[in-house]
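Chemist: My questions will all concern the structure given below.
The values are calculated or read from the model by the stated rules, or taken from the named source; none is laboratory data. Small disclaimer: the values here were computed from a predicted structure and weren't measured. Here the Cβ is made from the backbone with ideal geometry for all residues, glycine too, and neighbour counts use every protein chain on show.
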C-alpha cells in the first residue's frame, strides 16, 4: 500500500473512498460462483477455497491476479470517490519530426475521434511510425487537463515507449507501470502501463490508447480486456493501435467507432512478401545434430553477405538444440527467449553487428528495429505462428532506409491457412487500399 | 487445468490410477517439477534423532515458498502432496506440524505446514504452540542460537513410545526443529524425528 494507514482511515471517514469486498460470491443451485472485483475474473477454476484464519470462514481467492498481491473474499478493495486531481493544461510538445501526408491524415482522424470521444482503430502496417501518430492526440488530451493512459500488453513495448514519450512531453508528469517498476507518481497525468497494471485502476482515465492490441496475452485473456474497460471513465474512448487487428477488433470498431488504415510504411516501400520453402523433418534433423541443408544454405548466405539475421523457432528446446549447431558455423550466433535476462543486450549486439544473427522465439516478433535484418521462420506451419504473428515477423524486415526490403523466408512442412492468409494480407496491403 | 507455477496448460493424459483415486492428479507441469532438486538428505544431532529433507533449497524452491507463503497461494500446498503422503502416512508415527503464532497465522490467513499436511490428507496432532511472534527467517545465526524456548506442549502426550515426526517447510540452521524436539522430549517423548520439504545449506 503506497499510502499510510492513518490517511486512508481519514479518507474513508470523510467518504472519499468506497470500500468493496475483494471477491464477490453468488450462490447458485450448483454451488458458489466467485468473481474477483479487481481483475473481473470469473473463471471458477482459478479460484481456490480454503479455511481462512482471518475471516474464520471458507474463504476464496483469485489466482488470476495473485502476482499483484492476493485478493480474497475477506480482503477489501478501496476505490477513490473523492475529488479528482486537477491537471495542468499547458503542455509543451517537443517533437520535431515530420509526418508523411498519409500519417498526418490518420493522425487527424484519430484526433477527431478523440475529440468526439469515439473509439478508434488505427490499423497501420509494421514500420509505419505508429507511435509518432499518437503524439498529437495525446497532446490535445493533456492540454484539456485530461488523464491519459497508453497501454501495451508487453513490458518491452512500454520500456521502449517511455523515453520517447518523456522527450516528447518534457514538462508532463509521465509514469510507467509494469511488474517490478519503481513507481513514484501513481497520479501522473500520462501513464504508460502494461495491460495487467490496469487491474489497479477504476474509471481513472479520460482516454486509453492500447498499443499492439493484438499481442499476447491481451487477446487471449479476457480479464485484460475487461481491465481496460474498467480503467477508462464511463464516456472515455478506448483507441486501439495495431498492425494486425483481429477480426473481432475490426468488427467492433466498424460498428461502434472509426477506423484509419495506413497501408504504407513511412518510407513508402511495400512490405516484404514471404517466400515459402519446404523443410521436411527439420525437427528430426536438428535432433540428429544436423542443420537442414536449405536452412544451412540460407544462413551461410547471410553470413557471407554480412547481413544480420533472425531465425524464429516455435519451441525453446528445439531452439537451444539448434543454438549449439549454429555456433559451430559461427560461434557468435546465440539464442534469446522470454526468460533470458540479457535479451535486450543481445538485440543491441545484433544491431551493432557484433553478433551476426540471433535465434529467437516469438518474443522478438514485434517492437524491434534492426537495420537490414533478414528473417527466417523454422516450422512456420506450427500453430503459434498464426496470421498476426507471421505478419509481425515479416514486419521486422526492411524497416529503415536505405534497406527498405529484405528476405523473409518461411521454412515449413506443409503450408497452413495462416501462412496463406498472412501472404494474402501483405499482398493486399501492398496494393494499398484494403477492403474491410 | 493449468500448471500452478508456470500457468502452462497441463495436458497429461488421465490414467487408471488417477481414476480409481490411487494416484493424485498432478498440479504442476513436469518441467516445473524437474526444477526441484530431490536430495533426500538425512541428518541427525543430539536432540533430533533424524531430519529428512526432501529437496534442495534452490531457486525453484525459493520461488515456490515465496508464492506459497508470501503471496499466500495456498493452492500450492498440493504440489508435494503425494511425496509427503508416501513418507508420512503411517499410523505408527505421530505427525506434529511446526505451528505458527496465532497472530502470524491470522495475518497469513493459513498455517503453511498444516496446509501441506491437509492437502496430502495426513492426520496430525497439534501438540505444539508457538510462544513468540518472532520469525526465524529474519534472524542471524547468532540471534537464532541464543533464543529462549520457542514452543510449549499444549496437551499431555498419551503415548510416549511412538515416533514423533515434526514437519516443517524448510530446515536451515535447525534451531526451530531443535526447540520443538526439546519441548516434546521434556514431556517424555522418546524419539523425535523431522521431515522438511527443503534443506537450505547456506550458512549465515
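Chemist: For segment A:187-202, enumerate the residues that are over 12 Å from residue A:87 (Cβ atoms) and out of contact with any strand residue (DSSP E or B) (no Cβ under 7 Å at 6 or more places or on another chain).
Modeler: Correct list: A:196, A:199, A:200, A:201.
Chemist: Further, regarding this structure: Can you say whether residue B:188 is away from chain A (no Cβ under 14 Å) and under 30 Å from residue A:48 (Cα atoms), as far as the supplied structure shows?
Modeler: Answer is no for this residue.
Chemist: In addition: Considering only segment B:151-165, how many residues are modelled with pLDDT of 85 or more and either exposed (fewer than 14 other Cβ atoms within 10 Å of the Cβ) or not in a loop (DSSP other than H, G, I, E, B) (or both)?
Modeler: Selection size over segment B:151-165: 6.
Chemist: Right, something else. In this structure, does residue B:84 turn out to be within 14 Å of chain A (Cβ to nearest Cβ), surrounded by 12 or more Cβ atoms within 10 Å (Cβ to Cβ), touching a helix residue (DSSP H, G or I) at 6+ places or on another chain (Cβ under 9 Å) and under 29 Å from residue A:69 (Cα atoms)?
Modeler: no
Chemist: In addition: May I ask you to say which residue of A:138, A:158, A:208, A:118 is modelled with pLDDT of 90 or more and within 15 Å of the chain's Cα centre (by Cα)?
Modeler: Within the list A:138, A:158, A:208, A:118, the selection yields A:208.
Chemist: Turning to a different aspect of this structure: Is it the case, given these coordinates, that residue A:20 is under 35 Å from the mean Cα position of the chain (by Cα), under 23 Å from residue B:103 (Cβ atoms) and either more than 14 Å from every other protein chain (Cβ to nearest Cβ) or touching a residue at least 60 places away in the same chain (Cβ under 8 Å) (or both)?
Modeler: no
Chemist: Is it the case that residue B:45 is closer than 27 Å to residue B:189 by Cα, touching a residue at least 40 places away in the same chain (Cβ under 8 Å) and exposed (fewer than 15 other Cβ atoms within 10 Å of the Cβ)?
Modeler: Criteria met by residue B:45.
Chemist: Still on this model: What do you reckon, is residue A:395 more than 22 Å from the chain's Cα centre (by Cα), assigned by TED's automatic domain parsing to the domain that holds residue A:333 and in contact (Cβ under 8 Å) with a residue 12 or more places away in the chain?
Modeler: In short, no.
Chemist: Separate question: Out of all the residues in segment A:58-69, which are within 10 Å of chain B (Cβ to nearest Cβ) and surrounded by 20 or more Cβ atoms within 10 Å (Cβ to Cβ)?
Modeler: Matches in segment A:58-69: A:59, A:61, A:63, A:64.
Chemist: Across segment B:31-81, which residue is nearest to the other protein chains (Cβ to nearest Cβ) among those that are part of a loop (DSSP other than H, G, I, E, B) and within 15 Å of the chain's Cα centre (by Cα)?
Modeler: Of everything passing the filter in segment B:31-81, B:79 is nearest to the other protein chains (Cβ to nearest Cβ).
Chemist: Could you please let me know if residue A:132 is more than 22 Å from the chain's Cα centre (by Cα), within 30 Å of residue A:272 (Cβ to Cβ) and at pLDDT 85 or above?
Modeler: no
Chemist: Are any residues in segment B:98-122 more than 14 Å from chain A (Cβ to nearest Cβ) and either within 18 Å of residue B:180 (Cα to Cα) or in contact with a strand residue (DSSP E or B) (Cβ under 7 Å, 6 or more places away or on another chain) (or both), and if so, which ones?
Modeler: Within segment B:98-122, B:98, B:122 qualify.
Chemist: For segment B:106-134, which positions are surrounded by fewer than 16 Cβ atoms within 10 Å (Cβ to Cβ), in contact with a helix residue (DSSP H, G or I) (Cβ under 7 Å, 6 or more places away or on another chain) and within 24 Å of residue B:186 (Cα to Cα)?
Modeler: Answer for segment B:106-134, where residues must be surrounded by fewer than 16 Cβ atoms within 10 Å (Cβ to Cβ), in contact with a helix residue (DSSP H, G or I) (Cβ under 7 Å, 6 or more places away or on another chain) and within 24 Å of residue B:186 (Cα to Cα): just B:133.
Chemist: A follow-up question, please. With respect to residue A:25, is the statement that it is touching a residue at least 24 places away in the same chain (Cβ under 8 Å), over 30 Å from residue A:241 (Cβ atoms) and more than 14 Å from chain B (Cβ to nearest Cβ) true?
Modeler: yes
Chemist: Considering only segment A:30-48, state which residues are within 9 Å of chain B (Cβ to nearest Cβ) and surrounded by fewer than 18 Cβ atoms within 10 Å (Cβ to Cβ).
Modeler: A:45
Chemist: While we're looking at this one, here's another question. Considering (1) in contact with a helix residue (DSSP H, G or I) (Cβ under 9 Å, 6 or more places away or on another chain); (2) without any contact (Cβ under 8 Å) to a residue 12 or more places away in the chain, say which one residue A:310 fails and leave the rest.
Modeler: The single condition residue A:310 does not satisfy is (2).
Chemist: Could you tell me whether segment B:186-201 includes any residue that is within 20 Å of the chain's Cα centre (by Cα), farther than 25 Å from residue B:83 by Cα and part of a strand (DSSP E or B)?
Modeler: No, because not a single residue in segment B:186-201 is within 20 Å of the chain's Cα centre (by Cα), farther than 25 Å from residue B:83 by Cα and part of a strand (DSSP E or B).
Chemist: For segment A:405-436, name all the residues that are in a loop (DSSP other than H, G, I, E, B) and within 29 Å of residue A:292 (Cα to Cα).
Modeler: A:405, A:406, A:407, A:413, A:414, A:415, A:416
Chemist: Say whether the condition of being away from every other protein chain (no Cβ under 14 Å), outside any strand (DSSP E or B), in contact with a helix residue (DSSP H, G or I) (Cβ under 8 Å, 6 or more places away or on another chain) and surrounded by 15 or more Cβ atoms within 10 Å (Cβ to Cβ) is met by at least one residue in segment B:4-21.
Modeler: no
Chemist: Among the residues that make up segment A:393-414, is at least one of them within 29 Å of residue A:285 (Cα to Cα) and surrounded by fewer than 18 Cβ atoms within 10 Å (Cβ to Cβ)?
Modeler: yes
Chemist: Next question. For residue A:411, which of the numbered conditions (1) out of contact with any strand residue (DSSP E or B) (no Cβ under 8 Å at 6 or more places or on another chain); (2) on the phi < 0 side of the Ramachandran plot fails to hold?
Modeler: Residue A:411 satisfies every listed condition except (1).
Chemist: With the checklist (1) closer than 23 Å to residue A:12 by Cα; (2) more than 14 Å from every other protein chain (Cβ to nearest Cβ); (3) at pLDDT 90 or above in hand, flag the one item residue A:74 doesn't pass.
Modeler: Result: residue A:74 fails condition (2) only.
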